[in-house]
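**Q** This is the structure, below, for whatever I ask next.
The values are calculated or read from the model by the stated rules, or taken from the named source; none is laboratory data. Because the structure is predicted, anything quoted here is derived from the model rather than measured. All Cβ positions, glycine included, derive from the backbone under ideal geometry; neighbour counts span all protein chains shown.
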Amino acid sequence: GENVEQHPSTLSVQEGDSAVIKCTYSDSASNYFPWYKQELGKRPQLIIDIRSNVGEKKDQRIAVTLNKTAKHFSLHITETQPEDSAVYFCAASEGKLIFGQGTELSVKP
Amino acid sequence: GAVVSQHPSWVICKSGTSVKIECRSLDFQATTMFWYRQFPKQSLMLMATSNEGSKATYEQGVEKDKFLINHASLTLSTLTVTSAHPEDSSFYICSARGGRARGYTFGSGTRLTVV
């Protein structure tokens, strides 16, 4: 089955800096790669997603890149703000949605 | 947008009792429902996948006789934790796919505490 590895587990940046979170997946059949932001005790919120026929997607300060050959995908957040502080999860799907381990992002003012 | 309503949002039960968690898709037909469990400071771990009208498919290591899943209609799926024990205390969350819903729509989660 699918296995998703996510790094780093914690990330601390200064406000205004960029943050990058990386994931790898194992199943070449996976074709959908969403990123979620989760606050404590809440449901995951979709922040951006990418499908396997696209290499990059951007939405304002957030971008995702996908390298199908290497089975890597990354989340890039630019101009970070304190309200970006949360736990972020990557996931991969070929039907079932499998999550990475999560990254706790802390943006210091 | 697509909405999944999950109830209860929290429940406390005594060890040995059973607890039922419901997820309803309010504005779309959920042909597939996924159930996850999340322990504190950990990721969402997929427990099982259910398709409407079919038996659920459980992930390796998940006891199907303990975690009973019913997906009898296109708008309702239930997870029953039978003979709950303190180690079953966790955050349980459902996710639905189907119809006009784009991607995966998550319920709001249920915090289960077994005492």
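**Q** Under 6 Å between Cβ atoms, at least 6 apart or on separate chains: pull out the pairs that start in region A:71-95 with a residue that is in contact (Cβ under 8 Å) with a residue 24 or more places away in the chain and end on any residue that is of a type in the set (D, E) and in a strand (DSSP E or B).
**A** A:V87/A:E104
**Q** Mind telling me which of the residues A:G1, A:G41 ends up being without any contact (Cβ under 8 Å) to a residue 12 or more places away in the chain and either more than 25 Å from B:S5 (Cα to Cα) or assigned to a loop (DSSP other than H, G, I, E, B) (or both)? Write out each step before concluding.
**A** Working: A:G1 fails: without any contact (Cβ under 8 Å) to a residue 12 or more places away in the chain.
Going through A:G1, A:G41 in turn, the sole match is A:G41.
**Q** Moving to a separate point now. Return the residues of region B:35-61 that are in contact with a strand residue (DSSP E or B) (Cβ under 6 Å, 6 or more places away or on another chain), in a loop (DSSP other than H, G, I, E, B) and either polar (S, T, N, Q) or modelled with pLDDT of 95 or more (or both); say none if nothing qualifies.
**A** Taking region B:35-61 and keeping what is in contact with a strand residue (DSSP E or B) (Cβ under 6 Å, 6 or more places away or on another chain), we get B:35-39, B:43-52, B:56-59.
The next check asks that each one be in a loop (DSSP other than H, G, I, E, B); those that pass are B:39, B:43-44, B:52, B:56, B:59.
The answer is B:F39, B:S43, B:L44, B:E59.
**Q** Restricting attention to region A:18-41, does a residue exist that is aliphatic (A, V, I, L, M) and within 11 Å of another protein chain (Cβ to nearest Cβ)? Quick ask: steps written out before the conclusion?
**A** Narrowing region A:18-41 to residues aliphatic (A, V, I, L, M): A:19-21, A:29, A:40.
Checking which are within 11 Å of another protein chain (Cβ to nearest Cβ) leaves us with A:40.
Looking for residues that are aliphatic (A, V, I, L, M) and within 11 Å of another protein chain (Cβ to nearest Cβ), one finds at least one in region A:18-41, hence yes.
**Q** Out of A:D59, A:D84, I need the residue that is buried (at least 19 other Cβ atoms within 10 Å of the Cβ) and charged (D, E, K, R). Which one?
**A** Working: A:D59 fails: buried (at least 19 other Cβ atoms within 10 Å of the Cβ).
Being buried (at least 19 other Cβ atoms within 10 Å of the Cβ) and charged (D, E, K, R) holds for just one of A:D59, A:D84, which is A:D84.
**Q** Shifting gears a bit: Give region B:62-115 a look and list any residue that's part of a loop (DSSP other than H, G, I, E, B), small (G, A, S) and modelled with pLDDT of 95 or more, or say none. Explain how you work it out, then say what you get.
**A** Going residue by residue through region B:62-115, those that are part of a loop (DSSP other than H, G, I, E, B) are B:62-66, B:74-75, B:82-85, B:89, B:99-100, B:107-109, B:115.
Add one more test, that the residue is small (G, A, S), and what stays is B:83-84, B:89, B:99, B:107-109.
Of everything in region B:62-115, those that are part of a loop (DSSP other than H, G, I, E, B), small (G, A, S) and modelled with pLDDT of 95 or more turn out to be B:S83, B:A84, B:S89, B:G107, B:S108, B:G109.
**Q** Sticking with this one: Being surrounded by fewer than 16 Cβ atoms within 10 Å (Cβ to Cβ), in contact (Cβ under 8 Å) with a residue 12 or more places away in the chain and within 14 Å of another protein chain (Cβ to nearest Cβ), is that true of even one residue in region B:89-104?
**A** Our first condition is that a residue be surrounded by fewer than 16 Cβ atoms within 10 Å (Cβ to Cβ); within region B:89-104, this holds for B:99-100, B:102-103.
Now narrow it down to the ones that are in contact (Cβ under 8 Å) with a residue 12 or more places away in the chain: B:99-100, B:102.
From the residues that got through so far, the ones that are within 14 Å of another protein chain (Cβ to nearest Cβ) too are B:102.
For region B:89-104, residues surrounded by fewer than 16 Cβ atoms within 10 Å (Cβ to Cβ), in contact (Cβ under 8 Å) with a residue 12 or more places away in the chain and within 14 Å of another protein chain (Cβ to nearest Cβ): present.
**Q** Same structure again: Can you go through B:T78, B:T110 and tell me which one is away from chain A (no Cβ under 14 Å) and of a type in the set (S, T, Y)?
**A** Details: B:T110 fails: away from chain A (no Cβ under 14 Å).
Unique residue meeting the criteria: B:T78.
**Q** Could you identify the single residue in B:Q42, B:Q6, B:Q29 that is polar (S, T, N, Q) and either more than 14 Å from every other protein chain (Cβ to nearest Cβ) or more than 19 Å from A:Q45 (Cα to Cα) (or both)? Before you say what the answer is, go through the steps one by one.
**A** On the way: B:Q42 fails: either more than 14 Å from every other protein chain (Cβ to nearest Cβ) or more than 19 Å from A:Q45 (Cα to Cα) (or both); B:Q6 fails: either more than 14 Å from every other protein chain (Cβ to nearest Cβ) or more than 19 Å from A:Q45 (Cα to Cα) (or both).
None of the other options fit; the residue is B:Q29.
**Q** Then there's this: Would you list the strands (runs of 3 or more DSSP E) that sit entirely within region A:53-106 and hold 2 or more residues that are within 14 Å of chain B (Cβ to nearest Cβ)?
**A** So the answer is A:86-93, A:97-99.
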